[in-house]
Every structure is written in C-alpha cells, then in structure tokens.
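*Asks:* Got a structure for you, written out below as structure tokens; questions coming shortly.
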Amino acid sequence: MASNHFVASIDIGTDKIALLAADIEDDGNLRIIAHNHCPSNGVRQGSLFSIDELTKTLIRLIEQTRKSFGIKVELVRINFSDTHLTCSEGKGKVSINEVVSPEDLDSVLESAMAMSTPTNKEKLHVIRKKFTINENDVVDNPVDMEAEVLESKVHIVTVSSSSVRKIENCLKQSDLEVEKIVLNSIAKSQAILTQEEKDSGVCLLDIGAGVTSYSIFNEEGIVRSGVIAIGGDEVTKDIAYAFETSLEEAKRLKENYGTAKSSSLNEEKFIIFSQEASKNERQLSSFELSEVIEDSYCKIFTLLKNELKHHNLDGVIKSGFILCGGGSEIHSIKELVRDFFSKRVKIGKIQRARISGLEAILTDYKYAGAIGLLLHEGDLSKAEINESNSSKSVIDKIRNVIGVNF
Ligand SMILES: Nc1ncnc2c1ncn2[C@@H]1O[C@H](COP(=O)(O)OP(=O)(O)OP(=O)(O)O)[C@@H](O)[C@H]1O
Ligand SMILES: [Mg+2]
C-alpha cells in the first residue's frame with residue numbers, strides 16, 4: 001500500500017485542480033509543505049467524464065509537484081461531487097436505566113446506523129450527530145448522564161457506486177491511491193466553518209464552475225448537503241450568449257469587470273471587448289454586463305431556493321449563508337445573496353487554528369477545498385467503515401471519533 005510521510009489532498013474541480021501536501025506537526029496541527037494547481041480536464045459539472053484526460057492532467061500535476069517541492073505524492077484524499085447524492089437521517093432510541101452507559105451508547109448508535117443502501121449506491125459518509133436525552137437536551141457525550149430515554153441520529157450521504165469506482169480507477173491509472181473520498185461541501189465546511197457558526201444554523205454555499213454545492217448545519221450537526229448542476233460557468237455562458245463573445249472572452253469580462261448586484265453600481269463604465277464574429281473591438285456598458293450576470297446568478301439561487309423549500313430548510317438557516325468557491329469572488333455577491341434570500345451573508349475564510357502555511361495559499365479560494373480535505377475528520381467514511389469491519393467494530397470507531405473514553 002502506498003504511503004506518504006505527509007498528508008496530501010487533491011481538489012478535482014470543473015475549472016481547476018488544486019493539490020496540497022502538509023506535514024503533521026507534534027501538536028497534531030498541519031503545516032502546508034507543497035502546493036500546486038492547474039486547469040482541469042475531463043471533468044464536467046463536477047463529475048468525471050474522461051478518465052484519460054483527467055489521468056494525463058493528474059500525472060502532469062504530480063510530476064510538476066515532485067520537481068518543484070521534492071515530494072512524490074502517492075496517497076491522496078480527494079473530493080467528490082454527485083448531483084444525485086441522497087442524504088438521509090438514521091435515528092436510534094433506547095430506554096435508559098438511571099444513567100447512560102457505554103453499552104447504551106453502542107446500542108443507540110447501532111440502531112441509528114442500521115439502514116440499508118440500494119445495490120447501485122454506497123454510503124460515502126456516516127456522520128454522527130449530537131445525542132438527545134429525555135427528548136429535550138442535546139448533548140455531545142451522554143455517558144454517565146442521568147436519563148430515561150437516549151436518542152441518537154446519524155447523517156448518511158449515499159452516492160452512486162459507479163461514480164466512486166470511476167474516480168478510484170482514474171486515480172489508480174495516475175499511480176495514486178485514494179486515502180479517502182469526501183463530499184466537496186463537507187470538506188470545505190471543515191476548512192471554513194467554526195463550531196459556533198455550525199451550531200447557530202448556517203448554509204455553506206460553494207459556487208464552483210460546473211456545480212454549486214451546499215451543506216447545512218444546525219446545533220445537532222449536519223442537516224443536509226446537495227449539489228445543484230450549475231455554477232459560475234453558467235454565468236460565463238450567459239455573458240457569451242448576450243454579447244456574442246467567445247467563452248474565454250466572457251470569462252474575462254465576468255472576472256475582471258463583473259458585478260453580481262447591478263443596483264450596487266454607482267456609475268456606468270464602458271468596457272472594451274471583442275465579439276466572436278467580428279475582429280473589431282466593441283464597447284459594452286458595465287450596467288448591461290451586470291444585469292446579465294445578476295440574472296444568471298439568480299437562476300442558480302432560484303434552484304437552491306426551491307430545494308431549500310422542498311426540504312423545509314429555510315427555518316434551519318437562522319444565521320444565513322457563508323459563501324465560498326470561485327463564483328463567490330465576484331463583486332457584490334454578498335449583497336445579491338442577502339437580498340435574494342433575505343438572510344445574513346458572509347464570505348468564508350479558512351480557519352487557521354489547525355493549519356498553517358503561506359498566506360497566499362490560505363487566502364486563495366482555489367485551495368479551500370484541498371485544505372478542507374487535509375483537515376477532514378470526524379465521520380465514518382466508507383474506507384473507515386471497511387477498516388472497522390475488518391478490525392474494530394463500527395461503534396469502537398465512532399467512540400474514537402467522538403472522543404468518548406471507556
Ligand atoms: N473574480 C471572479 N469573479 C467571478 N467569477 C469568478 C472569479 N474568479 C473565479 N470565478 C469563477 O469561479 C469558477 C471557478 O471556481 P472554482 O475553482 O471554485 O470551481 P471548481 O472547483 O473548479 O469547479 P466545481 O466545484 O464546480 O467542480 C469559474 O466559473 C470562474 O469563472
Ligand atoms: Mg469546486
């Protein structure tokens with residue numbers, strides 16, 4: 001089995017691929033020792049569509065990283081986006097004889113996890129949530145507490161097995177072994193959200209290139225994740241269509257002159273651009289550009305709003321949205337999201353408590369996903385469940401994750 005003397009992660013996006021490697025320091029914190037990114041190939045709407053193209057790109061990226069930083073990445077954590085993922089909640093309930101014992105914890109978790117998966121699907125994440133005692137008090141660790149009834153919930157993310165196999169094969173062909181696969185928005189939440197923010201009820205919204213992913217948290221833990229099949233590239237396409245430009249020119253206009261909320265523009269400016277058909281340079285008004293951009297972002301937000309409504313989640317997001325991903329880099333995106341959803345909004349920043357490295361890396365949106373993968377812990381992913389099945393019980397593993405001493 002491949003092994004690194006460091007932790008490595010690769011965020012495979014529709015637009016870019018970002019790689020990080022970090023040393024684990026004596027206190028358990030991570031220090032980034034290598035970073036690299038390149039344009040993505042073979043990925044469409046967050047999902048792998050050409051194993052060959054992605055393999056070539058990954059091989060090149062690993063080789064460049066070896067030359068620049070003198071390290072050979074072999075074992076990696078990677079991200080995953082699946083527009084067909086399902087989230088479900090497993091629930092367990094047991095009666096308690098005076099105080100909660102470790103055995104009570106075992107049985108309540110076991111019953112919460114006892115959920116079968118359809119044959120073509122697999123559990124990517126089994127995430128423990130907080131416990132409830134006497135149908136009222138939410139606690140992290142109920143052992144030794146007085147109670148009559150103990151309840152537990154686990155959040156289960158199920159994804160298509162064939163998509164997971166495809167990614168694993170691609171990595172194998174690139175001479176890489178997968179340490180773990182983490183859902184994109186769950187990885188980013190580990191890099192960006194504080195425990196306080198999660199407890200207060202937030203939606204982490206990652207506006208990428210091909211997809212927009214979200215994860216919602218409240219005081220009990222993770223509530224729901226989802227992937228919407230459009231992102232920043234949709235905005236680029238709409239600009240290209242509106243002003244008859246190439247996609248490349250539209251992307252340049254969006255990233256250099258774009259504004260998400262047209263009413264936030266104080267003065268009209270004229271931007272020089274080239275149209276696809278004519279070689280002549282033309283001018284376009286910053287207001288017109290912004291109107292197209294705003295409409296396009298609103299398409300993404302309408303899909304999200306419908307999804308939140310469908311799952312009754314509006315009330316859960318009490319503290320509003322925290323934005324990340326390249327699509328959140330645009331001017332006045334905060335104002336647009338705030339007005340569209342009537343919620344508080346802020347731009348997510350990397351939490352520095354457990355990771356250090358170059359300022360330029362810790363503040364670059366391109367590396368947020370890879371940082372989240374490096375920091376990811378605290379759930380029973382598929383690999384960990386397999387490992388648990390062969391050595392320890394799943395429950396032992398959960399006990400380790402929540403730090404319960406027996
Ligand atoms: N300053 C900017 N203004 C507007 N959009 C931007 C800006 N910078 C980057 N983007 C857009 O962000 C998107 C890329 O974001 P990101 O790197 O998060 O995507 P990805 O992870 O590669 O894709 P995905 O997560 O969808 O698979 C592109 O659509 C790009 O045009
Ligand atoms: Mg992404």
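*Asks:* What is the diffusion coefficient of region 190-246 in µm²/s, taking the Kirkwood radius over Cα pairs and the Stokes-Einstein relation at 37 °C with a viscosity of 0.692 mPa s? Let's see the in-between values first.
*Replies:* Working: Rh = 12.9 Å.
Translational D for this selection: 255 µm²/s.
*Asks:* R0 = 25 Å: FRET efficiency of E359 with E25, Cβ-based, nearest 0.05?
*Replies:* On the way: r = 18 Å, r/R0 = 0.73.
After rounding, the FRET efficiency stands at 0.85.
*Asks:* Same structure again: Using a Gaussian network model on the chain with a 10 Å cutoff between Cα atoms, which of N97, N184, N218 fluctuates the most?
*Replies:* Judging by the Gaussian network model, the answer is N97.
*Asks:* Along Cα→Cβ, 7 Å out, is where each label goes; now give me the distance between the ones at A2 and I71 in nm to one decimal.
*Replies:* For the pair A2/I71, the computed spacing is 1.4 nm.
*Asks:* Return the distance in nm (one decimal) between the two label points of a simple spin-label model at K91 and R344, each offset 7 Å from Cα along Cα→Cβ.
*Replies:* Taking the simple label geometry, K91 and R344 are separated by 3.0 nm.
*Asks:* Based on Cα coordinates alone, diagonalise the gyration tensor for region 164-270, multiply each eigenvalue by 5, take square roots, and list the semi-axes in whole Å, largest first.
*Replies:* Values: eigenvalues 208, 114, 23 Å².
For region 164-270, the ellipsoid semi-axes come out as 32, 24, 11 Å.
*Asks:* Between E103 and N280, 0.36 nm times their residue separation minus their Cα-Cα distance comes to what? Could you put the intermediate results ahead of the total?
*Replies:* Working: separation 177, 0.36 × 177 = 63.72 nm, distance 7.59 nm.
Stretched out fully, the E103 to N280 stretch lengthens by 56.1 nm.
*Asks:* In addition: Among bridges DSSP assigns within the chain, what percent are antiparallel (round to 5)?
*Replies:* Percent antiparallel among DSSP bridges in the chain is about 75.
*Asks:* Give the lysines reachable from K279 as a straight Cα distance under 23 Å; neighbours fewer than 8 places away on the same chain don't count.
*Replies:* The reachable lysines, counting only those whose Cα sits under 23 Å from K279, are K237, K251, K254, K269.
*Asks:* Can I ask one more? Count neighbours as other Cβ atoms within 10 Å of each site's Cβ, and list the trypsin sites (Lys or Arg not before Pro) in region 199-292 that are DSSP loop with at most 14 such neighbours.
*Replies:* K269, K279
*Asks:* If you don't mind, another one. Between N120, N79, N141, which gets the highest mean-square fluctuation from a Gaussian network model of the chain, Cα cutoff 10 Å?
*Replies:* Of N120, N79, N141, the Gaussian network model singles out N120 as fluctuating most.
*Asks:* Then there's this: So what's the Cα pair-distance distribution over region 302-366, bin width 10 Å, in %?
*Replies:* 18, 42, 27, 12, 0
*Asks:* Turning to a different aspect of this structure: Which one, D11, D144, D106, has the greatest fluctuation when you compute a Gaussian network model over the chain with C-alpha springs under 10 angstrom?
*Replies:* Most flexible of the set in this elastic network: D144.
*Asks:* If contacts are Cα pairs under 8 angstrom and at least 6 residues apart, what is the relative contact order of the chain in percent? Please report the intermediate quantities before stating the final value.
*Replies:* On the way: 841 pairs, mean separation 74.6, N = 406.
Result for the chain is 18 percent.
*Asks:* What distance in nm separates the simple spin-label points at R60 and V139, each placed 7 Å from Cα in the Cβ direction?
*Replies:* Modelled inter-label distance: 5.7 nm.
*Asks:* Could you give the length gained by full extension between I272 and E219, i.e. 0.36 nm per residue of separation minus their alpha carbon distance, to one decimal place? Don't jump to the answer; show the numbers that get you there.
*Replies:* On the way: separation 53, 0.36 × 53 = 19.08 nm, distance 4.96 nm.
Extra length available between I272 and E219 comes to 14.1 nm.
*Asks:* Using Cα positions and a limit of under 18 Å, work out the lysines in reach of K56, with same-chain residues fewer than 8 apart set aside.
*Replies:* K16, K67, K72, K166, K172
*Asks:* Using Cα pairs closer than 8 Å and at least 6 residues apart in sequence, work out the relative contact order for region 194-349, in percent.
*Replies:* Working: 281 pairs, mean separation 42.7, N = 156.
Computed over region 194-349, the figure is 27 percent.
*Asks:* On a 0 to 90 degree scale, rounded to 10, what angle separates helix 247-257 from the longest Cα axis of the chain?
*Replies:* 80
*Asks:* A further question follows. What is the mean projected area of the alpha carbon convex hull for region 194-349, to one decimal in square nanometres? Walk me through the numbers on the way to the answer.
*Replies:* Details: hull surface 35.8 nm².
If I average the Cα hull's projected area over directions, I get 9.0 nm².
Taken together, the values in this text are just the output of simple stated rules run on the coordinates, not laboratory data. Everything quoted here is computed from the prediction, not taken from an experiment. Here the Cβ is made from the backbone with ideal geometry for all residues, glycine too, and neighbour counts use every protein chain on show.
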